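Report on the following structure.
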Amino acid sequence: MKNSLAIIIGFLIFGSLFVGWKISQDLGPAETATAPQQSEGTASSTIEFNPPSMDDVPDGPLGESIKYGYDLMMETNTLADEYVGNNLSCASCHANGGTVKDEAPMIGLTAVYPEYRPREGDVYTLEDRINGCMIRSMNGKMIPEDSKEMRAMIAYLHYMSEGVPTGAEIPWRAAKEPKQFPVPSVEDGEKVYAQSCAACHAADGGGTGSNTGPAVWGENSFNDGAGMSRLTKMAGYVQKNMPKGQGGTLTDQQAIDVASYILSHDRPEFKGHEGDWPKGGRPADIMNKEKREQVKNGTIDWEELVTIKK
Ligand code: HEC
Ligand code: HEC
């Protein structure tokens with residue numbers, strides 16, 4: 001009895017040693033080295049879109065800040081009224097605080113900033129990038145970096161970057177350049193708008209609420225220095241996400257038609273256009289005042305606007 005127990009234990013010890021040796025053989029030297037190493041090419045392919053839940057935010061001062069940051073993203077025009085110049089919230093474009101995959105998501109951003117930005121010709125921190133949306137998309141003022149508001153937004157975006165390794169290629173981030181769309185018809189776009197958009201965004205474009213149907217033109221919408229004021233960017237966003245809940249149902253033609261109709265209307269003017277793209281590469285499809293005038297007097301060259309220059 002004693003003997004057979006010794007034999008069994010002996011087998012177990014030998015077996016586990018053998019298995020241990022076998023594993024190290026299979027893995028080879030790279031993976032068994034003490035320092036953890038990323039094998040090449042896996043960084044982007046293995047990151048999954050899996051935003052942490054707001055229910056799991058820890059208690060305490062940091063948790064309070066993260067929650068305040070989330071509330072600021074959802075109700076920007078009421079909670080940060082002094083900085084906002086329209087009726088939008090960040091969530092008017094970054095749906096549900098940037099947690100929806102196709103709707104301008106903000107997951108993983110603390111892993112990619114600071115970053116060089118051709119529009120500004122400078123290296124931008126995440127705070128700078130938020131303020132870029134403040135002075136353009138929110139038609140407002142910059143939020144000071146040492147304010148409670150900015151710290152809360154950064155705390156929130158940091159929480160939403162959990163598990164994304166620094167420097168990773170984030171697969172769900174919007175492509176730098178939108179795709180090629182056909183030449184638009186403003187008249188056809190007007191019909192698409194009346195039929196599929198006006199119920200939430202209002203017939204006069206003024207919207208029904210920042211998170212139910214935000215203003216798409218007029219004084220309560222984003223200004224013409226915002227990314228959404230680029231014809232092909234808006235068409236791309238609309239095609240992926242609108243009508244809300246039926247993303248992907250509009251054809252390329254319908255998406256560019258309705259974007260051309262929306263962007264032909266007046267909206268706040270951005271004061272800093274001349275300073276943008278200081279090192280060249282200014283896109284042709286920025287719907288500024290000059291372009292809106294060209295639509296009115298029939299001289300606009302839509303072909304030039306939609307052509308993506310290689
Ligand atoms: C009118 C729409 C709109 C609103 C409102 C808006 N944004 Fe944006 N935001 C965009 C677009 C469009 C982009 C660029 C994404 C792209 O390249 O397509 C962007 C980009 C960003 C980025 C960088 C994302 C990246 O991948 O690098 C951050 C950060 C950001 N916004 C924060 C905010 C915050 C915070 C608010 C509210 C204070 C806000 N935005 C309001 C449209 C908007
Ligand atoms: C059922 C309501 C609903 C319908 C219909 C709808 N939208 Fe939206 N739209 C929203 C909501 C809500 C948002 C805010 C972002 C989000 O939650 O997805 C939004 C955001 C937008 C934005 C970005 C924010 C802004 O103010 O510019 C644009 C542009 C837009 N919609 C265009 C359209 C177009 C074009 C159509 C028609 C093809 C359309 N929407 C149909 C509800 C709707």
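The values are calculated or read from the model by the stated rules, or taken from the named source; none is laboratory data. Quick caveat, the model's predicted, so the values are computed rather than measured. Don't worry about glycine lacking a Cβ; one is built from the backbone with ideal geometry, like all the others, and counts go over all protein chains shown.
Take segment 154-172 and flag every residue that is under 24 Å from Val57 (Cβ atoms) and under 14 Å from the mean Cα position of the chain (by Cα). Steps first, answer last, please.
We begin by selecting, within segment 154-172, every residue under 24 Å from Val57 (Cβ atoms); these are 154-166, 168, 170, 172.
Correct list: Leu157, Met160, Ser161, Ile170, Trp172.
For Asp81, which of the numbered conditions (1) more than 10 Å from ligand 1 (Cβ to nearest atom); (2) surrounded by 17 or more Cβ atoms within 10 Å (Cβ to Cβ) fails to hold?
(2)
Take the residues of segment 38-76 that are of a type in the set (Ser, Thr, Tyr), within 21 Å of the chain's Cα centre (by Cα) and loosely packed, with under 14 Cβ neighbours inside 10 Å: which is modelled with the lowest pLDDT?
Ser44
Quick test for you: out of Gly218, Gly245, pick the one residue that is on the phi > 0 side of the Ramachandran plot, over 21 Å from the mean Cα position of the chain (by Cα) and not polar (S, T, N, Q). If you could, list the steps in order and put the result at the bottom.
Details: Gly245 fails: over 21 Å from the mean Cα position of the chain (by Cα).
Going through Gly218, Gly245 in turn, just one is on the phi > 0 side of the Ramachandran plot, over 21 Å from the mean Cα position of the chain (by Cα) and not polar (S, T, N, Q): Gly218.
Looking at segment 246-276 only, could you name the residues that are under 17 Å from Cys200 (Cβ atoms) and within 16 Å of ligand 1 (Cβ to nearest atom)?
Narrowing segment 246-276 to residues under 17 Å from Cys200 (Cβ atoms): 246-247, 249-250, 254-255, 258-259, 261-262, 265.
Hits for segment 246-276 are Gly247, Ala255, Val258, Ala259, Ile262, His265.
Of the residues Gly85, Gly108, only one is on the phi > 0 side of the Ramachandran plot and touching a residue at least 60 places away in the same chain (Cβ under 8 Å); which? Explain how you work it out, then say what you get.
Numbers: Gly85 fails: on the phi > 0 side of the Ramachandran plot.
One residue alone meets the criteria, Gly108.
Checking Arg267 against (1) in a helix (DSSP H, G or I); (2) more than 13 Å from Ser196 (Cα to Cα); (3) free of Cβ contacts under 8 Å to residues at least 60 places away in the same chain, which test does it fail?
(1)
Considering only residues that are of a type outside the set (Gly, Ala, Ser), in contact (Cβ under 8 Å) with a residue 24 or more places away in the chain and part of a loop (DSSP other than H, G, I, E, B), which ones fall in segment 180-219?
Of everything in segment 180-219, those that are of a type outside the set (Gly, Ala, Ser), in contact (Cβ under 8 Å) with a residue 24 or more places away in the chain and part of a loop (DSSP other than H, G, I, E, B) turn out to be Gln180, Phe181, Pro182, Val183, Pro184, Cys197, Asn211, Pro214, Val216, Trp217, Glu219.
Could you list, in sequence order, all residues of segment 295-310 that are in a loop (DSSP other than H, G, I, E, B), under 16 Å from Glu177 (Cβ atoms) and not basic (Lys, Arg)?
Within segment 295-310, the subset in a loop (DSSP other than H, G, I, E, B) is 297-301, 307-310.
Now restrict to residues that are under 16 Å from Glu177 (Cβ atoms): 307-310.
Answer for segment 295-310, where residues must be in a loop (DSSP other than H, G, I, E, B), under 16 Å from Glu177 (Cβ atoms) and not basic (Lys, Arg): Thr307, Ile308.
Restricting attention to segment 88-103, report how many residues are surrounded by 22 or more Cβ atoms within 10 Å (Cβ to Cβ) and part of a loop (DSSP other than H, G, I, E, B).
2
Please specify each residue of segment 49-82 satisfying the condition of being over 16 Å from Ile143 (Cα atoms), among the hydrophobic types (A, V, I, L, M, F, W, C) and either assigned to a loop (DSSP other than H, G, I, E, B) or out of contact with any helix residue (DSSP H, G or I) (no Cβ under 7 Å at 6 or more places or on another chain) (or both).
Selection gives Phe49, Val57.
Please name all residue pairs, on different chains or six or more residues apart, with Cβ atoms under 6 Å, provided the first residue is in segment 230-254 and is modelled with pLDDT of 95 or more and the second residue is among the hydroxyl-bearing types (Ser, Thr, Tyr).
Note: pairs meeting the criteria are Pro243/Ser196.
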